[in-house]
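S.K.: The structure under discussion is supplied below as structure tokens; questions concerning it will follow.
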Amino acid sequence: MKKGLVGFLFMVLFVVTGCTSEKEVEGTANNGWPETLRLGMMATEDDNNFARSTSDFADDLSEELGIEVELFEGQDYNMMIEAMRAKKIDITNFGPFGYIIAVERSGAKPLAILGQSEESAMYQSVIVVPKDSPARSLQDLEGKDFLFVDPASTSGHLFPRASMLKELGLGNDELEGYFSSVAYSGGHDKSLLAIANGDAAGASVCEFCVEMFADSGLFDVEDVRIIMESDPIPGGPLSYREDLPEDLVERIREFALSYHEKNPEYFEVMGMKGYFPVEDSDFDVIRDTAERLNMSPSDMLN
């Protein structure tokens, strides 16, 4: 009878264990990792080069982790931040200002930073005008139409805005009145294309974007001219949702920090050399700039 009872209990344990295995949390692998990791990317005018490059990164990461990596395309910074908050994406490259907003709204954490080297992961914003424009300085654009990239764009809005206020001696609420009109293009590529085609008098874009998008064939680099540069800006971080498993995060970090060895072309497309170590405190200069502009995250996104 005891043997029968033991056998019965063993059978029950086997069945329960089997059911538990079959009822793993939906969408979760046996090691606690998600079955699918969602990588966010921003849409660009140059879909072929950048989509292919990001797809290569996703494929290589999938091979490294042994789980599917799925791409999620966002149209602007707000969409990417909200997608992370809604857990529609797990990792993505944010701009520096987008990152500090994502920290507050979506629980983002930094994995690694894009840059030229570990010692100098910095870049600049530039103001560009059409090649035949008579403008030689910011003052020459007074009363003209001007393009920013996105309200939350670091090099396409916030850092150049701070530089403009300093250069012109204006208050933050006075800048829009300095130009005849101010609009947001939705992308560095879109702003550059507008300037190259003569559809706007001036625009602020990331420094490396000029050569990067010209090299992709989007426009002729001689069709735009730089008239002003901003203060140095920290590079944008590859970021993750804070509730991802720690061991998964470390595997992704290790992969990212060594990816320049496997696929240097991925970084060349972005005008960078690789991913480098980063801490959240490295973005305090971004928070300080937002404070100087007296802009809350809501102000940056609206």
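S.K.: Which pairs turn up if I take residues in region 134-153 that are touching a residue at least 40 places away in the same chain (Cβ under 8 Å) and look for partners that are part of a strand (DSSP E or B) and of a type in the set (F, W, Y) with beta carbon separation below 8 Å, at least 6 apart in sequence or on another chain?
M.R.: L147/Y184; F148/Y184; V149/Y184; D150/Y184; P151/Y184
S.K.: OK, next. With respect to Y259, determine if the residue is of a type in the set (F, W, Y) and within 17 Å of the chain's Cα centre (by Cα).
M.R.: Values: of a type in the set (F, W, Y): yes; within 17 Å of the chain's Cα centre (by Cα): no.
It is false that Y259 is of a type in the set (F, W, Y) and within 17 Å of the chain's Cα centre (by Cα).
S.K.: Can you find a residue in region 259-266 that is at pLDDT 90 or above, exposed (fewer than 13 other Cβ atoms within 10 Å of the Cβ) and closer than 16 Å to E119 by Cα?
M.R.: No, region 259-266 contains no residue that is at pLDDT 90 or above, exposed (fewer than 13 other Cβ atoms within 10 Å of the Cβ) and closer than 16 Å to E119 by Cα.
S.K.: Same structure again: May I ask you to list the residues in region 103-139 that are part of a helix (DSSP H, G or I), polar (S, T, N, Q) and in the same structural domain as F208 (by TED's automatic domain parsing)?
M.R.: Of everything in region 103-139, just one residue is part of a helix (DSSP H, G or I), polar (S, T, N, Q) and in the same structural domain as F208 (by TED's automatic domain parsing), namely Q139.
S.K.: Against the definition (of a type in the set (A, V, I, L, M), part of a loop (DSSP other than H, G, I, E, B) and under 27 Å from R38 (Cα atoms)), how does I100 come out, yes or no?
M.R.: For I100, the condition - of a type in the set (A, V, I, L, M), part of a loop (DSSP other than H, G, I, E, B) and under 27 Å from R38 (Cα atoms) - is not met.
S.K.: What strands (runs of 3 or more DSSP E) completely inside region 219-300 contain at least 1 residues that are touching a residue at least 60 places away in the same chain (Cβ under 8 Å), more than 18 Å from V149 (Cα to Cα) and not aliphatic (A, V, I, L, M)? Lay out the reasoning, then the answer.
M.R.: Details: elements: 224-229, 237-241, 274-276.
The strands (runs of 3 or more DSSP E) meeting that bar are 237-241, 274-276.
S.K.: Let me spell it out: the conditions are (1) closer than 30 Å to S55 by Cβ; (2) surrounded by 23 or more Cβ atoms within 10 Å (Cβ to Cβ); (3) not hydroxyl-bearing (S, T, Y), and V129 meets all of them except one. Which number is the exception?
M.R.: Tallying (1) closer than 30 Å to S55 by Cβ; (2) surrounded by 23 or more Cβ atoms within 10 Å (Cβ to Cβ); (3) not hydroxyl-bearing (S, T, Y), V129 fails exactly one: (1).
S.K.: Find the residue count for region 92-123, including only residues that are of a type in the set (V, I, T) and more than 20 Å from I252 (Cα to Cα).
M.R.: Total satisfying the criteria: 2.
S.K.: Within region 214-243, count every residue that is within 30 Å of E63 (Cα to Cα) and surrounded by fewer than 19 Cβ atoms within 10 Å (Cβ to Cβ).
M.R.: 4
S.K.: Filter region 201-218 for residues that are of a type in the set (D, E, K, R), in contact (Cβ under 8 Å) with a residue 12 or more places away in the chain and more than 24 Å from Q139 (Cβ to Cβ) and give the result.
M.R.: First, pick out the residues of region 201-218 that are of a type in the set (D, E, K, R): 207, 211, 215.
In the following step, the residues that additionally are in contact (Cβ under 8 Å) with a residue 12 or more places away in the chain were identified as 207, 211.
Within region 201-218, just E211 meets the criteria.
S.K.: Go through (1) among the small types (G, A, S); (2) in contact with a Leu (Cβ under 7 Å, 6 or more places away or on another chain); (3) touching a residue at least 60 places away in the same chain (Cβ under 8 Å) for G198 and report which single condition fails.
M.R.: (2)
S.K.: Looking at the structure I just gave you, is G274 closer than 23 Å to M41 by Cβ, in the same structural domain as I113 (by TED's automatic domain parsing) and of a type outside the set (S, T, Y)?
M.R.: yes
S.K.: Right, here's the next one. Looking at region 74-90, can you tell me whether even one residue there is assigned to a strand (DSSP E or B) and either under 14 Å from the mean Cα position of the chain (by Cα) or assigned by TED's automatic domain parsing to the domain that holds V224 (or both)?
M.R.: yes
S.K.: Tally the residues that are of a type in the set (S, T, Y) and in contact with a strand residue (DSSP E or B) (Cβ under 7 Å, 6 or more places away or on another chain), restricting the search to region 59-77.
M.R.: Counting residues in region 59-77 that are of a type in the set (S, T, Y) and in contact with a strand residue (DSSP E or B) (Cβ under 7 Å, 6 or more places away or on another chain) gives 1.
S.K.: If you don't mind, there's one more thing I want to ask. Looking only at residues that are more than 19 Å from the chain's Cα centre (by Cα) and either assigned to a helix (DSSP H, G or I) or among the basic types (K, R) (or both) in region 61-73, which one is nearest to M42 (Cα to Cα)?
M.R.: First, the residues of region 61-73 that are more than 19 Å from the chain's Cα centre (by Cα): 62-68.
After this cut, where a residue has to be either assigned to a helix (DSSP H, G or I) or among the basic types (K, R) (or both) as well, the list is 62-65.
Working: S62: 20, E63: 23, E64: 23, L65: 23 Å.
Among residues in region 61-73 that are more than 19 Å from the chain's Cα centre (by Cα) and either assigned to a helix (DSSP H, G or I) or among the basic types (K, R) (or both), the one nearest to M42 (Cα to Cα) is S62.
S.K.: In this structure, does S298 turn out to be modelled with pLDDT of 95 or more and over 16 Å from E118 (Cα atoms)?
M.R.: Numbers: modelled with pLDDT of 95 or more: no; over 16 Å from E118 (Cα atoms): yes.
Spelling it out, it is not the case that S298 is modelled with pLDDT of 95 or more and over 16 Å from E118 (Cα atoms).
S.K.: Sticking with this structure for a sec: State all residues of region 82-98 that are closer than 18 Å to T54 by Cβ and either crowded, with 23+ Cβ neighbours inside 10 Å or in contact (Cβ under 8 Å) with a residue 60 or more places away in the chain (or both); if no residue qualifies, say none.
M.R.: M84, I89, D90, I91, T92, N93, F94, G95, G98
The values are calculated or read from the model by the stated rules, or taken from the named source; none is laboratory data. Remember, it's a predicted structure, so these values are computed and weren't measured experimentally. FYI the Cβ positions are ideal-geometry reconstructions off the backbone, even for glycines, and counts take in every protein chain you see.
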